[in-house]
Amino acid sequence: MGFPAQRPRRLRRTEAIRSLVRETDLSAGDLVLPLFVCPGKRVRQEIGSMPGQFNLSADEAVAEAQEARSLGVPAVILFGIPPSKDARASGAYDPHGIVQEAASAIKKEAQGMLVVADVCLCEYTDHGHCGVVQGDDILNDETLDLLAKTAVSQARAGADIVAPSDMMDGRVAAIRSALDAAGLDQVPILSYAAKYASAFYGPFREAAQSAPKFGDRRSHQMDPANVREALKEVLLDVEEGADMVMVKPALPYLDVICRVRQAVNVPVAAYHVSGEYAMLAAAARNGWIDRERVMLESLVSIRRAGADLIVTYFAKEAARLLGK
Ligand code: PBG
C-alpha cells in the first residue's frame, strides 16, 4: 500500500509529533569530555588547531570538570602533557604524574564527576611512540608491563575507569590482571578496541605533543580499510576482560560502530576525535556551516549508528544546548 494512503510527512508536521516518534536520543549523560592536563598553575592555553579547547593545569582542569558536571556531563577523560619525557615513559606511571595529580584533584573537588584515564605511553616517551622501541620496532610484550603499571597508578590516584588506547596485543588482559592483583578489581576497563591509524588525530598530537619522531602508528593501529578486523579486535578485548569497547574515530567509521554494536553485549563508546572537531570548528568559523546544528547532527548520527557513549570535545557545548 503506497501513496496516497502512505504519507510519511504526517509524522513530521510538528516538533511535538517528531519528538514523539524520534528513534534516537542524545543527552548530556551520554557524553565524555576530554581534558589535556599540563604542568603549572592557572594555565589555560588554547590549542591552535582546536579553537575553544585548552591545555589546562590541574587547577584549571578541576574548574573545567566542575563546569561540565554542572551541565550534566558525567565523565571526563584525562590526557597528560608531562614536564619531561624519556624512553621508558616514566611520567606515565609516576605516582605523582600529571594525570595522577589531576585525577585525584578532580575526584576531591568535582564531586560526582567520573574520571577516565587514557592509558598510553606516547605522551610520555621522548620518541613519541606508544611503547618500548627497539630500532624501528615497537615491542609488544615489553610494553605491556609499563601499560599495566600506568593503569594501576592512575586507578590508585583515583581514576574511576582506565582506557587503554595503545593498541598493543594483550594489553587488556595484562591491565586486568595487574588491577586485580593490586586490589582494584572494581575498576572497569574501557578499551580503545577498534582504533584506526587515522590522520584525524593530527590536532590531538599538537595538543598532547605526542607526534612520533619517526615512522607512524600503522604497525599497531588498524588499517582504515578493515571492518572484519575491528570485530576480531573487539571480541578479543571482551574476552580479555574489557568492560566497554571503543571505536575511534567516529564519523568516518559509523559502519564500524554499527557492526561492533551488533557483535558485542558490552557498552560501545565512540571517540569523536580532534580532527573531526577541528574540521567542524574551522568551517563554522568561516561561516560555511552552522556550528551548533552540525555538531548536534554529528553526535546524534554517532548515537544512531550504535554508540552508547561519545567522547567529544563538544561535550560541554552540546550539554548546554541539550539541557540536563
Ligand atoms: C593515544 C591517543 C591518541 C588519541 C587518543 N589517545 C592519539 C594517537 O593515537 O596518536 C587521539 C584523540 C583525538 O584525536 O582526539 N594516547
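The values are calculated or read from the model by the stated rules, or taken from the named source; none is laboratory data. Since we're looking at a predicted model, the values are computed, not measured. Glycine also receives a Cβ, built like all others from the backbone with ideal geometry; neighbour counts cover every protein chain displayed.
Values computed for the structure shown
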quantity	calculated
Any hit, the stretch 48-56, residues being at pLDDT 95 or above and away from the ligand (no atom under 16 Å from the Cβ)	no
Residues located in the stretch 261-299, provided they are under 21 Å from residue 192 (Cα atoms), surrounded by fewer than 23 Cβ atoms within 10 Å (Cβ to Cβ) and β-branched (Val, Ile, Thr)	264, 266
Residue that is over 24 Å from residue 61 (Cβ atoms), at pLDDT 95 or above and away from the ligand (no atom under 15 Å from the Cβ), where the choices are 160, 141	141
Output for the stretch 226-243, where each listed residue is outside any helix (DSSP H, G or I) and either at pLDDT below 95 or exposed (fewer than 15 other Cβ atoms within 10 Å of the Cβ) (or both)	226
Those residues of the stretch 103-138 which are in contact with a helix residue (DSSP H, G or I) (Cβ under 7 Å, 6 or more places away or on another chain) and more than 15 Å from the ligand (Cβ to nearest atom), in sequence order	103, 104, 105, 106, 109, 110, 112, 113, 115, 132
Test for residue 207: is it in contact with a Ser or Thr (Cβ under 9 Å, 6 or more places away or on another chain), at pLDDT below 95 and among the hydrophobic types (A, V, I, L, M, F, W, C)	yes
Sole residue being more than 16 Å from the ligand (Cβ to nearest atom) and hydroxyl-bearing (Ser, Thr, Tyr), chosen from 301, 274	301
Residue satisfying all of: in the stretch 307-324; surrounded by 20 or more Cβ atoms within 10 Å (Cβ to Cβ) and part of a loop (DSSP other than H, G, I, E, B); farthest from the ligand (Cβ to nearest atom) among these	307
Flag for residue 63 being more than 26 Å from residue 155 (Cβ to Cβ), outside any loop (DSSP other than H, G, I, E, B) and of a type in the set (A, V, I, L, M, F, W, C)	no
Hits in the stretch 14-33 - residues which are loosely packed, with under 10 Cβ neighbours inside 10 Å and assigned to a loop (DSSP other than H, G, I, E, B)	14, 21, 23
Filter result (hydroxyl-bearing (Ser, Thr, Tyr) and farther than 15 Å from residue 38 by Cα) within the stretch 62-98	70, 90, 93
From the options 246, 222, residue that is crowded, with 18+ Cβ neighbours inside 10 Å, at pLDDT 95 or above, in contact with a Leu (Cβ under 7 Å, 6 or more places away or on another chain) and not charged (D, E, K, R)	246
Contacts under 9 angstrom Cβ, first residue in the stretch 304-319 being within 16 Å of residue 51 (Cα to Cα), partner surrounded by 20 or more Cβ atoms within 10 Å (Cβ to Cβ) and aromatic (Phe, Trp, Tyr), 6 or more apart	312/271; 312/277; 313/277; 314/277
Which listed residue is assigned to a helix (DSSP H, G or I), of a type in the set (D, E, K, R) and farther than 29 Å from residue 217 by Cβ, from 42, 69	69
Of residues in the stretch 254-271 being of a type outside the set (Asp, Glu) and over 24 Å from residue 175 (Cβ atoms), the one nearest to the ligand (Cβ to nearest atom)	254
Lone qualifier among 204, 200 - being buried (at least 23 other Cβ atoms within 10 Å of the Cβ), farther than 26 Å from residue 106 by Cβ, within 12 Å of the ligand (Cβ to nearest atom) and not aliphatic (A, V, I, L, M)	200
Identity of the residue in the stretch 78-112, touching an Asp or Glu at 6+ places or on another chain (Cβ under 6 Å) and assigned to a strand (DSSP E or B), that ends up nearest to residue 41 (Cα to Cα)	80
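Residue-by-condition table, conditions (1) assigned to a strand (DSSP E or B); (2) touching a Phe, Trp or Tyr at 6+ places or on another chain (Cβ under 9 Å); (3) closer than 30 Å to residue 134 by Cβ:
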{"residue": "210", "(1), (2), (3)": "no, yes, yes"}
{"residue": "224", "(1), (2), (3)": "no, yes, yes"}
{"residue": "255", "(1), (2), (3)": "no, no, no"}
{"residue": "277", "(1), (2), (3)": "no, yes, no"}
{"residue": "283", "(1), (2), (3)": "no, no, no"}
{"residue": "289", "(1), (2), (3)": "no, no, no"}
{"residue": "295", "(1), (2), (3)": "no, yes, no"}
{"residue": "303", "(1), (2), (3)": "no, no, no"}
